[in-house]
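Visitor: My questions will all concern the structure given below.
The values are calculated or read from the model by the stated rules, or taken from the named source; none is laboratory data. In this text, all values refer to a predicted model and were calculated from it rather than measured experimentally. In this analysis, Cβ positions are derived from the backbone assuming ideal geometry, glycine residues included, and neighbour counts consider all displayed protein chains.
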Amino acid sequence: MNYILTTIGLSSLTNGLREVLSVGEIYKYSNMSENDIDKEFKSKFDIEFEKLKESLSSKNNEELKRLSAEINALFHFYKNGFLSKDFHKLLITDTYLGKKSAEIVEEVLKLKGISNISIYSPQDLKTSDIESFHLSLSEIVKDLSEELEGYKSSGYKVIFNLTGGFKSVNSFMQSMASLWADETIYIFESSKELLTIPRLPLKVDEDIFKEKIEVFRYLEDGLNVDENELKNIPKSLIIKISDEYTLSPWGEIVWQKVKRDIFKNLINYKIIKYSNEFKKDFEKLNDNEKFQINKMLDLLDKYKFSGEEKFNLHSLRYHSLSGEIASKYGFEFYPFDGNDSRRAFCNEKDGKVIIEKIDAHLK
């Protein structure tokens, strides 16, 4: 089975509507939201778009290939027929025309028997505003890194189809592919041959991340970091936006990748301490459970350090206890994802949270 991420550009629209709409006008409105597009153009576009979408079922494979670079690449990838169990992620810009272009690709996939499709539009992903664009790229990494790891661990092969899309987005996605994709595919619109690039062996130096783990953790969520703490961090990993430092898109890519390895160990957090019993409990966990509980400890530390409720997510749910159990433990939180009923039991002392033990839900 394959997880195929396809970056979506405008070729489905420029090729499919060029006889009824000006290609120049399509590009003119390419970075706009629905409400910002000229009403006269939008009215005509919507009518012609629906006609195009309805016509797809009557087109043969060669006609569909000519419709867009993205579709052409997928046909060449599936030489012997599309696989219905594959999962397709369509990455689009946060624009009206980006969404419409993806709907064409989605419809073609459905016609070929694929139903597991997700159109993914990161907030503010537009190429017209550089600051918003950088922040959106970082959000892509946060959103996709765990999803990609999950599919890989379930036996999926991860393919990045970077044939379509905008150059500025695709150059970033190629960097992301170097760490997460098993292979990357390209094809030129008029070509009949698919270019496949296997994953290249790439070793990330984790030393700076281990040395500055607290800095990277705080930068990840926009918490204030002393500028002196940034001195030895490569400039390629951080970026300054509106007088505040955050991880650069490349920094986010590398951090999310190395974090999975770093979080397999017990981390020294600013506000958190561990009992000996908890340390023994931690060592009994598998690597995925260690990663999960560190994600929650990371949130708990940020919550107690900043006082911001946004870190006390429903998945964490750090709260005080009452009843008989409160005589031994003052607080608990959910240390694992999903339906796991185990809890981490805690006490607070001298401004610190002491993680006491992991156990079944006690009443």
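Visitor: Determine which member of the set N294, N265, N312 is surrounded by fewer than 20 Cβ atoms within 10 Å (Cβ to Cβ) and either out of contact with any His (no Cβ under 9 Å at 6 or more places or on another chain) or not assigned by TED's automatic domain parsing to the domain that holds D350 (or both).
Guide: So the residue among N294, N265, N312 that is surrounded by fewer than 20 Cβ atoms within 10 Å (Cβ to Cβ) and either out of contact with any His (no Cβ under 9 Å at 6 or more places or on another chain) or not assigned by TED's automatic domain parsing to the domain that holds D350 (or both) is N265.
Visitor: For region 154-180, enumerate the residues that are crowded, with 16+ Cβ neighbours inside 10 Å, modelled with pLDDT of 90 or more and over 30 Å from L230 (Cβ atoms).
Guide: Y156, V158, I159, F160, N161, L162, T163
Visitor: Considering only residues of region 141-150 that are in contact (Cβ under 8 Å) with a residue 60 or more places away in the chain and within 28 Å of M32 (Cα to Cα), which is surrounded by the fewest Cβ atoms within 10 Å (Cβ to Cβ)?
Guide: Among residues in region 141-150 that are in contact (Cβ under 8 Å) with a residue 60 or more places away in the chain and within 28 Å of M32 (Cα to Cα), the one surrounded by the fewest Cβ atoms within 10 Å (Cβ to Cβ) is K142.
Visitor: Looking at the structure I just gave you, is D287 assigned by TED's automatic domain parsing to the domain that holds I130, modelled with pLDDT of 85 or more and surrounded by fewer than 17 Cβ atoms within 10 Å (Cβ to Cβ)?
Guide: no
Visitor: Can you report the number of residues in region 151-174 which are assigned to a helix (DSSP H, G or I), more than 30 Å from E289 (Cβ to Cβ) and either among the hydroxyl-bearing types (S, T, Y) or in contact (Cβ under 8 Å) with a residue 40 or more places away in the chain (or both)?
Guide: Taking region 151-174 first, the residues assigned to a helix (DSSP H, G or I) are 151-153, 167-174.
Keeping just the survivors that are more than 30 Å from E289 (Cβ to Cβ) gives 167-174.
Right, trim to either among the hydroxyl-bearing types (S, T, Y) or in contact (Cβ under 8 Å) with a residue 40 or more places away in the chain (or both) and you get 168-173.
Residues in region 151-174 being assigned to a helix (DSSP H, G or I), more than 30 Å from E289 (Cβ to Cβ) and either among the hydroxyl-bearing types (S, T, Y) or in contact (Cβ under 8 Å) with a residue 40 or more places away in the chain (or both): 6 in total.
Visitor: Please go through region 205-214 and pick out each residue that is free of Cβ contacts under 8 Å to residues at least 40 places away in the same chain and either surrounded by 21 or more Cβ atoms within 10 Å (Cβ to Cβ) or among the aromatic types (F, W, Y) (or both).
Guide: The initial filter retains those residues of region 205-214 that are free of Cβ contacts under 8 Å to residues at least 40 places away in the same chain, namely 205, 207-208, 211-212.
Within region 205-214, none qualify.
Visitor: If we scan region 11-30, do we find a residue that is acidic (D, E), under 24 Å from S121 (Cα atoms) and either touching a His at 6+ places or on another chain (Cβ under 7 Å) or surrounded by 16 or more Cβ atoms within 10 Å (Cβ to Cβ) (or both)?
Guide: No: zero hits.
Visitor: Next question. I'd like to know if region 33-55 contains one or more residues that are among the polar types (S, T, N, Q), within 29 Å of N2 (Cβ to Cβ) and within 28 Å of the chain's Cα centre (by Cα). Even if it seems obvious, please write down each step before you answer.
Guide: Within region 33-55, the subset among the polar types (S, T, N, Q) is 33, 35, 43, 55.
Still in the running and within 29 Å of N2 (Cβ to Cβ): 55.
Pick out the ones that are also within 28 Å of the chain's Cα centre (by Cα) and you get none.
No, region 33-55 has no match at all.
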